[in-house]
1. Report yes if R85 is basic (K, R), modelled with pLDDT of 90 or more and under 29 Å from A19 (Cβ atoms), otherwise no.
2. Among the residues of the stretch 59-69, is any surrounded by fewer than 13 Cβ atoms within 10 Å (Cβ to Cβ) and on the phi < 0 side of the Ramachandran plot?
3. Does the stretch 15-24 include one or more residues that are among the aromatic types (F, W, Y), in contact with a strand residue (DSSP E or B) (Cβ under 6 Å, 6 or more places away or on another chain) and under 20 Å from L111 (Cβ atoms)?
4. Please report, ordered by residue number, the strands (runs of 3 or more DSSP E) entirely within the stretch 6-111 with at least 2 residues that are polar (S, T, N, Q).
5. As an exercise: evaluate D49 against (1) within 18 Å of A105 (Cα to Cα); (2) touching an Asp or Glu at 6+ places or on another chain (Cβ under 9 Å); (3) modelled with pLDDT under 90; (4) not aliphatic (A, V, I, L, M) and give the number of the one condition it does not meet.
6. Every residue in the stretch 11-25 that is surrounded by 14 or more Cβ atoms within 10 Å (Cβ to Cβ) and within 18 Å of R97 (Cα to Cα), please.
7. Kindly establish whether D71 is among the acidic types (D, E), touching a Phe, Trp or Tyr at 6+ places or on another chain (Cβ under 8 Å) and at pLDDT below 90.
8. Within the stretch 48-83, how many residues turn out to be more than 22 Å from A96 (Cβ to Cβ) and either of a type in the set (K, R) or touching a residue at least 40 places away in the same chain (Cβ under 8 Å) (or both)?
Amino acid sequence: MSKAKSDRPSLATAQEKLAALGFELQSLNEGKVLARKLGCAAVLAAASDGSIEFAAPPGLVVDGELALLIDRGYQKFFKTADTQRPAWPEQIRDLARFENELRFACGIPVLYNQSLGSVSDRYLYDRIWYRDQGRQPKAWEADAAAALRA
């Protein structure tokens with residue numbers, strides 16, 4: 001059973017809980033808070049109803065940038081705006097622990113599929129790259145190979 005939004009802690013109360021759990025906290029613009037631990041980070045903000053929400057979802061810190069977990073079907077990767085790196089099991093484990101502790105301290109409910117293990121921010125399987133852009137290139141078409149390499 002999930003908590004009602006009114007039972008969730010305020011951002012100030014959550015910051016105290018997070019500090020007690022060993023999180024590094026940094027105040028940002030517009031009342032947002034950067035929470036860091038285990039090489040991971042997330043940006044928290046107060047929602048209009050006083051509860052806490054993610055302004056930037058939890059991810060691994062790569063070269064000073066927040067990298068989100070993506071699933072390519074055969075392997076998971078951490079992706080930033082500029083780079084993409086394979087995700088190691090230890091990194092995925094640390095991210096899951098980070099997110100669980102963060103959600104617990106902030107009163108953010110955990111959904112069933114999230115409690116099972118790592119959940120990716122995006123799922124990018126090679127056979128459906130252009131799914132949202134209309135017609136898929138066929139393997140026998142001349143430009144299919146070039147389109148799939150892009």
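The values are calculated or read from the model by the stated rules, or taken from the named source; none is laboratory data. Keep in mind it's a predicted model, so treat the numbers as computed, not measured. In this analysis, Cβ positions are derived from the backbone assuming ideal geometry, glycine residues included, and neighbour counts consider all displayed protein chains.
1. Working: basic (K, R): yes; modelled with pLDDT of 90 or more: yes; under 29 Å from A19 (Cβ atoms): no.
When the stated conditions are applied, R85 does not pass them.
2. The first filter runs over the stretch 59-69 and keeps only residues surrounded by fewer than 13 Cβ atoms within 10 Å (Cβ to Cβ), leaving 63-64.
Then keep just the ones that are on the phi < 0 side of the Ramachandran plot; that gives none.
Looking for residues that are surrounded by fewer than 13 Cβ atoms within 10 Å (Cβ to Cβ) and on the phi < 0 side of the Ramachandran plot, one finds none in the stretch 59-69, hence no.
3. Step one: of the stretch 15-24, the residues among the aromatic types (F, W, Y) are 23.
Of the ones still in play, those that are also in contact with a strand residue (DSSP E or B) (Cβ under 6 Å, 6 or more places away or on another chain) are 23.
Next, from what is left, pick out any that are under 20 Å from L111 (Cβ atoms): none.
Checked the stretch 15-24: no residue is among the aromatic types (F, W, Y), in contact with a strand residue (DSSP E or B) (Cβ under 6 Å, 6 or more places away or on another chain) and under 20 Å from L111 (Cβ atoms).
4. Values: elements: 24-27, 33-37, 40-46, 52-62, 65-71, 76-79, 84-86.
Those strands (runs of 3 or more DSSP E) span 24-27.
5. With (1) within 18 Å of A105 (Cα to Cα); (2) touching an Asp or Glu at 6+ places or on another chain (Cβ under 9 Å); (3) modelled with pLDDT under 90; (4) not aliphatic (A, V, I, L, M) applied to D49, the lone miss is (2).
6. Across the stretch 11-25, the qualifying residues are A14, Q15, K17, L18, F23, L25.
7. Working: among the acidic types (D, E): yes; touching a Phe, Trp or Tyr at 6+ places or on another chain (Cβ under 8 Å): yes; at pLDDT below 90: yes.
So D71 fits the description; yes.
8. The number of residues fulfilling the criteria is 3.
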